[in-house]
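Sharing a structure with you now.
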Amino acid sequence: MKIEELKNRIEFEIQKPISEISIINLVQDLISYCYKARASDIHIEPQENQLLIKARIDGIIHELFTFPKEIQDEIISRIKILSGLRTDEHYTPQDGRFKFFDSYSNSEFDIRVSIMPTYFGENAVLRLLVSKETSFTLETLGFSERDLKEVKKAIKKPYGMILVTGPTGSGKTTTLYTILKTLNTGAVSIITLEDPIEYSIPGITQIQVNPQVGLVFSTGLRAILRQDPDIIMVGEIRDEETADIAVNAALTGHLLLSTLHTNDAATALPRLLEMGVEPFLIASTVNIVIGQRLVRKICENCKQERKFTTTEILSFLETIGLDLTLENIKEIKKQKFYIGKGCELCNNTGYYGRLGIFEVLPITDKIRTAIMKRSDSNEIKSIAVSEGMKTMIQDGFDKVVKGLTTIEEILRVIHE
């Protein structure tokens with residue numbers, strides 16, 4: 001069934017008298033519609049007089065439908081039943097999960113559910129865990145030639161730490177899963193500790209964090225070390241205890257992969273210092289830091305060339321901090337830029353899908369010296385750039401020049 005037909009089905013259903021609306025069919029069609037629209041999350045938000053349905057598509061929230069307020073409780077109850085949650089509890093946050101079969105495309109995937117009480121009733125957010133992410137390879141993630149070489153070099157080392165940084169929703173988990181898939185040869189023992197487990201990877205032991213029974217990152221990581229692993233992936237280094245155990249694991253012959261919430265690659269190193277990790281331990285265990293963001297790709301179906309004035313180019317260069325040399329401006333003037341006009345395929349947004357923009361910071365001797373001196377992130381970044389690191393902004397601009405994304409998209413992500 002086409003996406004337009006599904007939309008019509010939903011709109012037809014909510015026009016019926018309240019007593020005749022099939023809640024089961026409505027929830028089923030809504031999830032199928034959002035799956036076809038490539039949504040990562042569905043937001044069911046109660047308002048004073050209506051129920052607002054939104055979806056996050058390619059990282060941006062879109063309003064989709066307005067449901068009658070009268071069916072709000074039944075919609076939430078249906079989602080609770082599917083996720084095995086308590087239907088009689090309305091004032092406590094609840095988390096659940098269920099498998100969904102989309103009969104229109106013959107696809108099955110997991111959905112993670114979060115229910116939260118709000119002023120106008122319970123709010124539900126459904127995360128569609130569609131395992132398209134597991135089809136990536138290191139080559140298709142979007143690394144430049146130099147960055148890909150550095151990442152491949154770092155993951156071949158038998159021990160040490162590989163850190164991926166960026167805000168929530170920047171694709172860190174996808175990058176880690178892709179690295180794990182590359183390392184998963186069958187000749188090594190790989191164990192992960194995640195919160196939550198996003199996708200199942202055959203051949204890898206995956207453990208779900210469960211604070212209710214005391215299984216948090218720090219205690220889980222300590223237990224994993226007694227399971228004879230070669231490679232460990234910890235969802236996130238959040239506190240001093242986890243950082244300490246992670247560094248010691250990397251020091252004692254394990255390859256450890258994890259994420260940190262920092263703005264860029266260089267900030268990850270001072271962040272570990274703040275967590276109480278000694279500079280000599282950071283210098284001797286961290287192999288590489290990958291900073292990343294996700295930007296929307298121009299829709300290939302409605303892509304067209306776009307002209308920029310010199311003023312617009314100057315303004316852009318100034319905003320992202322690239323050199324304003326005459327040579328640079330002349331060079332950019334020669335480039336062709338593209339934009340998506342908007343079509344049915346991309347829902348008139350001009351964008352279809354996303355790709356990563358990266359900065360890859362290998363830990364060289366000069367960087368190690370800077371860490372030992374407790375240098376700040378600006379100093380570490382300037383050393384890395386002088387040694388050939390391309391910043392995320394520069395990587396983004398390269399992808400603009402290649403016609404993969406737009407200047408506006410790079411600016412949006414940078415300002416975020």
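The values are calculated or read from the model by the stated rules, or taken from the named source; none is laboratory data. Because the structure is a prediction, the values reported are computed rather than measured. Positions of Cβ are backbone-derived with ideal geometry, glycine not excepted, and every protein chain shown enters the neighbour counts. To get the accessible areas, we keep the full protein, side chains included, count just its heavy atoms, and leave off ligands, DNA and RNA. Shrake-Rupley method; radii C 1.70, N 1.55, O 1.52, S 1.80 Å.
Of 214, 342, 403, which has the largest mean-square fluctuation in a 10 Å C-alpha GNM of the chain?
Fluctuation is largest for 214.
Next up: Which residue, 381, 402, 156, has the most motion in a Gaussian network model of the chain that connects Cα atoms within less than 10 Å?
Result for the chain, Cα springs under 10 Å: 156 fluctuates most.
Set the Förster distance to 51 Å, then compute FRET efficiency between residue 387 and residue 99 from the Cβ-Cβ distance, nearest 0.05.
0.60
Continuing with this model, one more query. Please identify the longest segment of the chain free of exposed chymotrypsin sites (Phe, Trp or Tyr not before Pro), where exposed means a DSSP state other than H, G, I, E or B and no more than 12 other Cβ atoms within 10 Å.
120-416
Here's something else I'd like to know. With a 4.7 Å Cβ cut-off, tell me which Cys residues in the chain come up empty for a partner.
34 - these cysteines have no disulfide-compatible partner (Cβ-Cβ under 4.7 Å) in the chain.
Within segment 147-169, whose backbone N sits under 19 Å from a point 7 Å along Cα→Cβ of residue 185?
Answer for segment 147-169: 149-162.
Mind checking the full-extension length gain between residue 125 and residue 376? Use 0.36 nm per residue of separation minus the Cα-Cα distance, one decimal, nm.
86.5 nm
Here's a follow-up. Can you tell me the alpha carbon radius of gyration of segment 343-416 divided by the globular rule-of-thumb value 2.2 N^0.38 Å?
1.47
Follow-up question, since we're still on this one. Using a ≥ b ≥ c from the Cα gyration tensor of segment 197-258 (square roots of the eigenvalues), is it rounded, prolate or oblate, where a/c under 1.5 gives rounded and otherwise the larger of a/b and b/c decides, a/b for prolate?
Taking the square roots of the gyration eigenvalues as a ≥ b ≥ c, segment 197-258 is oblate.
Can you classify the chain as rounded, prolate or oblate using the Cα gyration tensor, where a ≥ b ≥ c are the square roots of its eigenvalues, rounded means a/c under 1.5, and otherwise it's prolate if a/b beats b/c and oblate if not?
The shape class here is oblate.
If a/c stays under 1.5 just call it rounded; otherwise compare a/b with b/c (prolate if a/b is bigger, oblate if not). Do that for segment 1-104, with a ≥ b ≥ c from the square roots of the Cα gyration tensor eigenvalues.
rounded
Per residue, how much accessible area does segment 335-416 have with a 1.4 Å probe, in Å²?
Normalised by residue count, the accessible surface of segment 335-416 is 49 Å².
A 25 angstrom limit on the alpha carbon distance is what I want to check against. Which of 297/381; 156/366; 333/390; 156/390; 2/297 exceed it?
Violating the 25 Å Cα-Cα cut-off are 297/381.
Here is a follow-up. Principal axis extents for segment 290-411, Cα atoms only, whole Å, descending order, please.
The Cα atoms of segment 290-411 stretch 55, 33, 17 Å along their principal axes.
How many Å³ per residue does the convex hull of the Cα positions in segment 119-265 occupy?
Hull volume normalised by residue count: 147 Å³.
Segment 180-224: Rg/Rh from Cα coordinates, Kirkwood Rh?
1.01
About the Cα centre, and with charges only on the beta carbon of Lys, Arg (+1) and Asp, Glu (-1), how big is the dipole of segment 213-325? Nearest 20 debye, please.
500
Here is a further query. Give, rounded to the nearest 20 debye, the magnitude of the charge dipole that segment 1-129 has about its Cα centre when Lys and Arg contribute +1 at Cβ and Asp and Glu contribute -1 at Cβ.
In debye, rounded to 20, segment 1-129 gives about 360.
For the chain, what is the percent of antiparallel DSSP beta bridges, rounded to the nearest 5?
Percent antiparallel among DSSP bridges in the chain is about 70.
If you don't mind, there's one more thing I want to ask. Considering the chain as a Gaussian network with a 10 Å cut-off on Cα pairs, which listed residue, 174, 182, 165, attains the greatest mean-square fluctuation?
182
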